[in-house]
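The values are calculated or read from the model by the stated rules, or taken from the named source; none is laboratory data. A quick note: this is a predicted structure, and the numbers were derived from the prediction, not measured. In this analysis, Cβ positions are derived from the backbone assuming ideal geometry, glycine residues included, and neighbour counts consider all displayed protein chains.
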Amino acid sequence: MGSRDKLILFDTTLRDGEQSPGASMTRDEKVRIAKALERMRVDVIEAGFPIASAGDFEAVGAVARAVRESIVCGLARAVDRDIDRAGEALKDAERARIHTFIATSPIHMKMKLRMAPEQVLEQAVRSVRRARRYTDDVEFSPEDAGRSEIDFLCRVLEAVIEAGARTVNIPDTVGYNLPKQFGALVRTLIERVPNADRAVFSVHCHNDLGLAVANSLSAVLNGARQVECTINGLGERAGNAALEEIVMAVRTRRDLFPCDVDLDTTQIVPTSRLVSGITGFPIQPNKAIVGANAFAHESGIHQDGVLKSRETYEIMRAQDVGWSMNRLVLGKHSGRNAFRTRLKEIGIEFESEEVLNQAFVRFKELADKKHEIYDDDLQALATEASLAAGNERIQLLYLRVCSETGETPTARLTLQVEDGEHQATASGSGPVDASFKAIEEIVHSGTELLLYSVNNITTGTDSQGEVTVRLGMGGRIVNGQGADTDIVIASAKAYVNALNKMIRPHERTHPQAADV
């Protein structure tokens, strides 16, 4: 970095990003994303909220064992049992951090916590001291800091730093602040907290008003040296600050920022696509940095300018963020060793030889349909193999669809359900509609279809189609994913995947809604 400060990147895709409705990830999927973040050289990976469920606890432990370079962090409310659970989940981490929080705004203290300010202050200090039993790296967040009273906020931050917090994070929990206001808040806190020099000041901004990145960058210009963010801006409600936008803004405008990031930016696009594929949240084409149109030029004037000199209309190089990374790697004649080697190169490792074999079988089936197989195809195969390894209660065995001009499409399929094989035939307004109705003839799920989305994984007419299906029932929302060169089969796979998620036990606790 030379004389420039280091800006610490704290990625919370696996924790806050997972709070997007329907974006839940399996343990193996979390490990895959964590390894991609580590390859990108992210400083801190918040792996989950260990007290939320047994699955979250196991996932945090798995990430802690898999990641050796980045710091692995677990979230905990300012409650003894949360902190103890986080410490246990992180025991195998090479470098561990516990991130504990309690709300400090008047509305949260009164309406949610039902605690007096002095009780909140006492609980905050107690939680930091308890977390220090497990690690010296403790982060504290005063939840809803953006709407907290400044004098009380200063008291809390001074006390937790004295108790041993190395990082103090200022969240704009509900996305209420404006850039000038939020930057001024961070600057004021750094100036007024007497022991501010003993901690790194961090920010965690939500995007309810579309200002998460702007607020985060304003905070950095005013002294914050850690930014909490997610890949693709994933997160609850309107999401969080997007890591890729924070990084490239700081890198591109070095004339304004007195800090820099230690990140391999060529991993941005591959990691973005990995997260999109696993969560089922497609990337909008005009999304900054990672959208398909981010470096495309339609206007003749723009095209002419770029051909003469790229800098006329491009402030970044597409290659610098990884747009050239999706290279051709394998074909139908590739063997198991080449398949395994390439998977390992892009960060995919399976927990057993059996799952690897299942993925290899799918690879060979795909290679017979599609001549050229790319890294993104392999990521989709790995996701599918991981899902199949989870012993799903419903499996698609067979699908035949008849669709012709002037006739009503029909679908006939066979599902493997717990009590055996079941067949059904149904008609619909289209082949996908007929397939979904045939599935419902068997399962009678009672769910509501909230979203049906199709995206191509790579280019060309032989590309795999990646389908996302969002189902809702009883206030719960899940996303299902499916991929195939036949878009109707991909759709049926996605619907079945969503149904399997819907029928799993759901015991996860929302960290901000949970009672302290």
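A few notes on this one:
- Identity of the residue in the range 367-424, β-branched (Val, Ile, Thr) and surrounded by 15 or more Cβ atoms within 10 Å (Cβ to Cβ), that ends up modelled with the lowest pLDDT: THR383
- Where a residue in the range 282-296 is touching a residue at least 12 places away in the same chain (Cβ under 8 Å) and closer than 11 Å to ASN455 by Cβ and its partner, wherever it lies, is part of a loop (DSSP other than H, G, I, E, B) and of a type outside the set (A, V, I, L, M), with Cβ under 8 Å and at least six apart: ILE283/GLY291
- Scoring ALA47 on the criteria (1) touching a Cys at 6+ places or on another chain (Cβ under 9 Å); (2) small (Gly, Ala, Ser); (3) surrounded by fewer than 22 Cβ atoms within 10 Å (Cβ to Cβ) leaves a single failure, condition (3).
- Of all residues making up the range 463-503, the number that are in contact with a helix residue (DSSP H, G or I) (Cβ under 9 Å, 6 or more places away or on another chain) and within 14 Å of LEU366 (Cα to Cα): 11
- Residues of the range 89-103 that are among the charged types (D, E, K, R) and either assigned to a loop (DSSP other than H, G, I, E, B) or under 14 Å from ARG77 (Cβ atoms) (or both): LYS91, ASP92, GLU94, ARG95.
- In the range 457-475, the residues that are surrounded by fewer than 16 Cβ atoms within 10 Å (Cβ to Cβ) and in a strand (DSSP E or B): MET473
Results for (1) more than 20 Å from THR468 (Cα to Cα); (2) in contact with a Ser or Thr (Cβ under 7 Å, 6 or more places away or on another chain), shown as yes or no for each residue.
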{"residue": "LYS369", "(1), (2)": "yes, yes"}
{"residue": "TYR374", "(1), (2)": "yes, yes"}
{"residue": "ASP377", "(1), (2)": "no, yes"}
{"residue": "LEU381", "(1), (2)": "no, no"}
{"residue": "ILE394", "(1), (2)": "no, no"}
{"residue": "THR408", "(1), (2)": "yes, yes"}
{"residue": "LEU415", "(1), (2)": "no, no"}
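- The residues of the range 440-456 that are of a type in the set (Asp, Glu) and assigned to a strand (DSSP E or B) amount to a single one, GLU448.
- Test: residue in the range 26-36 that is hydroxyl-bearing (Ser, Thr, Tyr) and free of Cβ contacts under 8 Å to residues at least 24 places away in the same chain: no
- Given (1) modelled with pLDDT under 95; (2) of a type outside the set (S, T, N, Q); (3) in a loop (DSSP other than H, G, I, E, B), index of the condition PHE257 fails: (1)
- Complete set of residues in the range 91-111 that are of a type in the set (A, V, I, L, M, F, W, C) and over 22 Å from ILE161 (Cα atoms): ALA93, ILE107, MET111
- Within the range 331-362, if we keep just the residues that are in a helix (DSSP H, G or I) and of a type in the set (A, V, I, L, M), the residue that is farthest from ALA382 (Cα to Cα) turns out to be ALA338.
- HIS99 vs. criteria in contact with a strand residue (DSSP E or B) (Cβ under 9 Å, 6 or more places away or on another chain), in the same structural domain as ALA212 (by TED's automatic domain parsing) and buried (at least 24 other Cβ atoms within 10 Å of the Cβ): yes
- For the range 260-300, taking the residues that are over 23 Å from the mean Cα position of the chain (by Cα) and in a loop (DSSP other than H, G, I, E, B), the one that is farthest from GLN19 (Cα to Cα) is identified as SER299.
- If the condition is being touching a helix residue (DSSP H, G or I) at 6+ places or on another chain (Cβ under 6 Å) and in a loop (DSSP other than H, G, I, E, B), then the range 165-193 contributes ALA165, TYR176, ASN177, VAL193.
- For GLU236, the conditions (1) assigned to a loop (DSSP other than H, G, I, E, B); (2) at pLDDT 95 or above; (3) not hydroxyl-bearing (Ser, Thr, Tyr) are fulfilled apart from (2).
- Criterion: under 18 Å from ALA438 (Cβ atoms), touching a Gly at 6+ places or on another chain (Cβ under 9 Å), of a type in the set (Gly, Ala, Ser) and not in a loop (DSSP other than H, G, I, E, B) - qualifying residue of ALA367, ALA411, ALA380: ALA411
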